[in-house]
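To start, the structure under review is shown below, and the notes come after it.
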Amino acid sequence: MAINFNKFKGNEAKQKLETQTTAPRQSEGEGNCGGYGIFDLAKAPYEVKTWKPKKGENLILIVPVEVTSHDNPAFRSGAIDLGDYDYGVSLYTHMGKGTVAGLSHVCLKRNYGRNCPRCEEFFRGPDQGGTYVKGVKGSGNSDHASSERNYFLVVPFTDANTPDEENVGLWNSPANSKLGFAVVDRAKEMADGQAIIPFWWPTDDGRLVSFHMSQASERDFPEYSKIKFVKRPTALAESLATKYSFPLDSLLIVKTPDQINHDTFGGPESEGSHEDKHEDEDPETHEAYTANTPEEDGMDPDAFGVPEPEATKEPEEATEEKPKATTAPVESKAPEGSKCPYGHVFGEEWSEHKGETGCGRCKVDHRATAIACADAFSEGA
């Protein structure tokens with residue numbers, strides 16, 4: 001696979017790294033209702049297996065992945081530009097447990113600020129047949145809780161010079177700093193004079209990640225400790241990145257509320273609700289959308305969404321109108337007569353401009369216009 005190594009060189013790369021590290025990764029999402037997330041892995045350039053850490057010591061290379069999708073929350077929040085490389089895909093997800101179809105879903109509310117049927121189920125109060133009580137930790141339907149996950153492409157190593165390429169795979173890693181694999185926080189803490197140790201970079205600055213995983217039983221959450229960063233041969237990192245890096249977010253499936261309702265409760269879908277479905281989806285099994293089986297979800301306590309430790313928020317009022325299945329997010333549509341706020345050519349010069357009047361700044365100050373410009377650029381490419 002092709003990888004642009006120039007993206008990791010020079011002062012601009014270091015400046016972008018700081019933004020990538022410090023900017024919030026949530027976009028329009030709100031609420032706190034806390035997967036294997038939903039990737040169409042059948043379209044990956046090689047067979048992507050499920051990777052899980054073993055008990056005891058682990059040593060891994062986290063492969064950089066190019067950001068290409070407007071549905072990537074890191075892009076939508078302004079943390080990273082299209083065409084740059086991230087350490088993975090970070091998402092709030094609902095797991096397959098508690099759904100008729102046994103499918104996981106990208107959380108529409110926490111990632112995009114849209115109506116999410118599974119968040120509604122989590123927040124259903126006693127007067128509606130649910131268990132959610134504001135301020136009561138552990139209340140709510142845990143089958144429909146969401147949790148923050150990092151999806152990493154991983155090459156395990158037996159030592160700093162020896163990759164185990166037989167077991168390259170996708171790791172659905174918990175991102176919560178209290179319960180999860182806090183590699184990003186640790187990389188910030190250990191950075192010496194920079195924003196973060198860019199462990200995923202295939203350069204001299206990049207590192208392998210070593211850590212210890214313990215788990216009392218199959219029903220207990222894994223615990224991650226002793227996270228360290230280990231030097232490795234740069235040429236080897238470049239070779240592995242070239243071989244295994246691909247834009248993971250391009251395989252991301254974001255379903256409509258109607259589709260999520262169908263997966264969760266069964267029954268017929270509304271007319272037109274299949275418009276956003278992938279053409280290769282099996283209508284009976286939905287296998288093209290899942291990176292693992294329902295049985296694997298049931299056996300993996302790490303995969304269950306759990307309420308976040310912070311206080312939860314009340315759901316939206318019942319009077320909120322649900323978006324139709326065929327309605328695209330508002331920010332993805334260019335308003336009539338759209339033009340660049342900085343005087344550049346709208347829809348033709350996306351990602352070409354830098355600095356205070358550049359495309360990155362536009363994503364922060366004029367998000368709707370920036371996403372519309374990127375959409376117009378993609379359509380005209």
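The values are calculated or read from the model by the stated rules, or taken from the named source; none is laboratory data. Predicted model only: the values in this text are computed from it and were never measured. Note that we place each Cβ from the backbone using ideal geometry, even for glycine, and neighbour counts take in every protein chain shown.
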Next on the checklist: Residues that are assigned to a helix (DSSP H, G or I), of a type in the set (S, T, N, Q), surrounded by 22 or more Cβ atoms within 10 Å (Cβ to Cβ) and out of contact with any Gly (no Cβ under 8 Å at 6 or more places or on another chain): does the range 252-260 have at least one?
Outcome noted: yes
Scanning the range 98-147 for residues that are β-branched (V, I, T) and part of a loop (DSSP other than H, G, I, E, B), the one surrounded by the most Cβ atoms within 10 Å (Cβ to Cβ) turns out to be T99
Those residues of the range 66-79 that are touching a strand residue (DSSP E or B) at 6+ places or on another chain (Cβ under 8 Å) and within 18 Å of L108 (Cα to Cα) come to a total of 5
Exactly one of D220, D185, D192 is assigned by TED's automatic domain parsing to the domain that holds T19, outside any strand (DSSP E or B), at pLDDT 90 or above and surrounded by fewer than 19 Cβ atoms within 10 Å (Cβ to Cβ), and that one is D185
Being assigned by TED's automatic domain parsing to the domain that holds V67, out of contact with any helix residue (DSSP H, G or I) (no Cβ under 7 Å at 6 or more places or on another chain), at pLDDT 90 or above and in a loop (DSSP other than H, G, I, E, B): is that true of W171 here? no
* Asked: Is it the case that L82 is in contact with a strand residue (DSSP E or B) (Cβ under 9 Å, 6 or more places away or on another chain) and either among the polar types (S, T, N, Q) or assigned to a strand (DSSP E or B) (or both)?
  -> no
